[in-house]
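The values are calculated or read from the model by the stated rules, or taken from the named source; none is laboratory data. Nothing here was measured: the structure is a model prediction, and the numbers come from that model. Heads up, the Cβs are rebuilt from the backbone with ideal geometry, glycines too, and the neighbour counts pull from every protein chain shown. For accessibility, only protein heavy atoms count, side chains too; no ligands or nucleic acids. Shrake-Rupley method; radii C 1.70, N 1.55, O 1.52, S 1.80 Å.
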Amino acid sequence: MTYFERFHQRLLDKQQDVRARPVTYVAFGDSVTQGCMEYGVIEHEQVYHHFLKQHIVNQYPSTILNVINAGVSGDTAVNSEQRWHRDLVAYNPDLITLAFGVNDCHQGRAGLKPYLKAIDKLIGIISRQTEADLLVLTPSMMMSRDNLHIHPQDRGVLPRFTETAESGYLQMYVDELRMYLDKEKIPYFDVYEMWEQMKQAGKDVHERLANGINHPDRAFHAELGEQLYKYLSDD
């Protein structure tokens, strides 16, 4: 192991010594991380970081792993700065996942540079002010057309999402994030690629969006949790 060796060592230490400090994982992001599903529904258990925890504690059954859900609906990488210390640094975490982009991309081309700048600044703070292992997640895919899963109360946002989809802004943000992370040699799991593979297989991605807009369904969260576990374990 290279990137996540410290995290696994902390899990092992806690398993071998009950008096060792509990292991802490902070999932930092937007509504997907928060667990938002259908309109007005927040899922507390069938969300990717909870599934990841279940896989980890199955591997380390005698350890203690605390997961902090630091997802905030509607948040962006830029706007999240006001809570970087409160929701990340203050927990002295052992593992952090960062997941932003589905809201940032609505800013279009003008928001791309601030988005990448905020991601870079946040990663720098994590590196300097914590000992946490870090894993960045690319954004999930969002709607590209109207569909039956969209709640009537959500229909007011359709023009904004349709414009973003037609302009290809989310793809642009994903591509730029990938290039930045590759250049800086920062470990990341490509969530967006999971959706691309679904499309290539001829599947309608709208059937996997709980709210028909930008919230992956529970089955996707389960699959993502399993894939994240494999990524952290196989490194």
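Observations, loosely collected:
- 28 Å Cα-Cα threshold exceeded, pairs from LYS113/LYS185; LYS14/LYS117; LYS183/LYS203; LYS185/LYS230: LYS14/LYS117; LYS183/LYS203
- Summarising the strand pairing of the chain, around 10 percent of its internal DSSP beta bridges are antiparallel.
- Value of Rg to Rh for the range 175-235 (Rh from inverse mean 1/r over Cα pairs, i.e. Kirkwood): 1.02
- Rounded to the nearest 20 debye, dipole of the range 121-235 from Cβ charges on Lys, Arg, Asp, Glu: 260
- Cα gyration tensor shape of the range 33-117, rounded if a/c is under 1.5, else prolate or oblate by comparing a/b with b/c: prolate
- Percent accessible area from carbon and sulfur atoms, the chain, protein chains only, probe 1.4 Å: 47
- When the charge dipole of the chain is built from unit charges on Cβ atoms (+1 for Lys and Arg, -1 for Asp and Glu) and taken about the Cα centre, the candidate among ALA201, GLN107, MET37 whose Cα reaches farthest toward its positive end is GLN107.
- Its Cα centre serving as origin, the chain has a Cβ charge dipole (Lys and Arg +1, Asp and Glu -1) of approximately 520 debye.
- The antiparallel fraction among DSSP beta bridges confined to the range 1-98 stands at about 10%.
- Think of a 1.4 Å ball rolled over the protein heavy atoms: the range 196-235 then has 46 Å² of accessible area per residue.
- Amide H to amide H distances under 5 Å link ILE68 with TYR25, VAL26, ALA27, where only residues 5 or more positions off or on other chains count and H is placed in the peptide plane.
- Based on DSSP H segments of at least four residues, each scored -39500 (n - 2.57), the chain has a per-residue ellipticity at 222 nm of -14000 deg cm²/dmol.
- Farthest toward the positive end of the dipole of the chain, out of LEU177, ILE123, TYR60, is the Cα of ILE123, where the dipole comes from beta carbon charges about the Cα centre.
- Lys, Arg +1 and Asp, Glu -1 on Cβ, resulting dipole of the range 53-188 about Cα centre, debye, nearest 20: 140
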